[in-house]
Amino acid sequence: MTEETPVLLDDPTLDVPPAATREEAAAIAAAIGAHLRDQEVAAAAAAAASASGAAESWDGTRFKYAGRLETVTGTARRVPRNAPTDGWTTAGRLEGLE
């Protein structure tokens, strides 16, 4: 079992609905804590990837992004491997993704 590092909030108060039971309040606090911990882990992973100079790639996400484009535009398009990895930049170049 790994030891969890507590996540400190800027504002340590948590407003819980007055009708919530102790168990519901605990579940709300646990869910928020898990969410904050996930954000912390994601930020640390992004910082580590940035520090290591690892270039972003479409490996494993090209088809997911193509599906998103098809859902939004109604047209299936292929996302080339050399397309920008930033989704906003890629979306701005839809005409070139055929």
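The values are calculated or read from the model by the stated rules, or taken from the named source; none is laboratory data. Just so it is clear, the model here is predicted, and its values are computed rather than measured. Cβ sites come from the backbone with ideal geometry, for glycine too, and all protein chains shown count toward neighbours.
Here are some notes:
- Residue within region 7-23 that is among the acidic types (Asp, Glu), outside any loop (DSSP other than H, G, I, E, B), modelled with pLDDT of 65 or more and surrounded by 11 or more Cβ atoms within 10 Å (Cβ to Cβ) present: no
- Here the condition is being surrounded by fewer than 13 Cβ atoms within 10 Å (Cβ to Cβ), modelled with pLDDT under 80 and among the hydrophobic types (A, V, I, L, M, F, W, C); of 26, 51, 31, 43, it holds for 51 alone.
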